[in-house]
Amino acid sequence: MVLENYVILETGVPARLHFTDHVTQRRTTTDPLTGQPTTRNVLVFDVDRLDGREVFAKYSIMAEKHAGQFGPYLPDKSYRGYDFLITKTGEGFRTSWSLQVIPKA
Amino acid sequence: MARKTRQVETRLIAEYLKERYPEFTFIMKQPLGAVSEELMKEEGYERAIKVMRPFRPEVDAVVILPANLLIIEAKVWSVVNGLAKLPLYKSLVPVTPELKQYMPRNVMMQLVVGWTNPNLEIMARAMDVEVKVYRPEWLEEVVEGMHKYWTSEYQAERQAKIRMREYFGVE
């Protein structure tokens with residue numbers, strides 16, 4: 001098992017993740033533009049597989065448009081039945097996430 | 001002025017795909033189009049994809065069906081824009097490197113909307129696009145709000161609200 005606390009996506013490099021559980025948290029962060037503290041809702045998944053390897057890690061999502069892609073899978077935790085291949089593209093406000101949803105065989 | 005946005009179309013497509021195609025692999029927000037082979041040779045596949053990203057449009061979803069690739073645009077507001085994009089996006093599918101592994105397949109087009117009208121259906125038929133109406137309960141509220149937006153009563157109410165905000169220096 002590889003011990004990685006957080007999965008950090010590299011721009012343009014796809015990562016295949018499998019989630020086992022999730023929580024939504026209120027988190028206070030520092031706004032990178034204003035330097036002021038700001039409170040945000042964060043969706044955090046527990047990750048048990050990353051690119052085919054066993055891991056014990058978290059995948060944290062702050063962007064509403066990315067979190068929204070997982071919306072239908074949250075109430076019944078049906079994300080457990082899928083692998084997600086996520087590719088982050090662009091930077092800053094132009095960041096986009098291509099999400100491939102792969103049913104587990 | 002700070003403005004709260006709602007990711008309505010992201011929610012619409014994510015729910016639609018889960019409900020209609022749960023047993024198939026699908027991709028949300030897939031960039032389309034060619035990536036220069038010269039650039040791939042010089043910089044490598046991943047770097048070339050990254051460099052080309054701003055020049056490649058993004059389709060809302062691609063569903064990998066056994067014999068077909070289904071490209072989907074989901075629209076709540078600019079439905080004709082969604083319809084017009086689809087045939088252009090279809091032309092890019094055969095040259096998209098990320099989709100090469102799924103070819104050859106027939107490419108089909110689908111427009112997912114909250115509501116339809118006879119003219120939209122005529123235009124869609126002419127472009128070989130299938131229109132699917134998907135209207136979950138929560139979308140009713142959004143659509144109703146949009147229709148109300150154009151009424152003179154709503155506009156008068158909105159103007160009064162804006163005047164009050166300005167008066168009190170709110171936002």
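Read-outs throughout are calculated quantities, based only on the coordinates presented, and are distinct from any laboratory measurement. All values derive from a computational prediction rather than experimental measurement. Positions of Cβ are generated from backbone atoms using ideal geometry, with glycine treated the same way; all protein chains shown enter the neighbour counts.
For the protein assembly as shown, what is the per residue volume of the convex hull drawn over the alpha-carbon atoms, in cubic angstrom?
Enclosed volume per residue, from the Cα hull, is 170 Å³.
Among DSSP beta bridges lying fully in the stretch B:41-171, give the percent that are antiparallel, nearest 5.
Beta bridges within the stretch B:41-171, antiparallel portion: roughly 25 percent.
What Rg and what Dmax come out for the stretch B:74-133 when only alpha-carbon atoms are used, in angstroms?
Looking at the stretch B:74-133, its Cα Rg and Dmax stand at 12.6, 38 Å.
So, in Å, what gap is there between the alpha-carbon centers of the stretch B:8-48 and the stretch A:1-73?
About 19 Å separates the Cα centre of the stretch B:8-48 from the one of the stretch A:1-73.
If you wrap a convex hull around the alpha carbons of the stretch B:110-171, what volume per residue comes out, as a whole number of Å³? Please list the in-between numbers first.
Details: hull volume 7.9 nm³, N = 62.
Dividing the Cα hull volume of the stretch B:110-171 by its residues yields 127 Å³.
Would you mind checking the stretch A:68-105 for residues with the amide N under 15 Å from a putative spin-label position 7 Å along Cα→C-beta of A:Thr11?
A:87-98
Specify the residue with the greatest mean-square fluctuation among B:Gln159, B:Gln30, B:Gln110, computed from a Gaussian network of chain B linking alpha-carbon atoms under 10 Å apart.
Maximum among the listed residues: B:Gln159.
Using the Kirkwood radius over C-alpha pairs as Rh, can you work out the diffusion coefficient of chain A via Stokes-Einstein at 20 °C, viscosity 1.002 mPa s, in µm² per second?
Translational D for this selection: 147 µm²/s.
Report, in deg cm²/dmol and to the nearest 500, the calculated mean residue ellipticity at 222 nm for chain A, where each DSSP H run with n ≥ 4 adds -39500 (n - 2.57) and the sum is divided by the residue count.
-1500 deg cm²/dmol, from helical runs alone.
Kirkwood Rh, Cα Rg: Rg to Rh for the stretch B:31-80?
In the stretch B:31-80, Rg relative to Rh is 1.11.
Please compute P(r) over all alpha-carbon pairs of chain B, binned at 10 Å starting from zero, and give each bin as a whole-number percent.
Computed distribution, short to long bins: 9, 29, 29, 18, 11, 4, 0.
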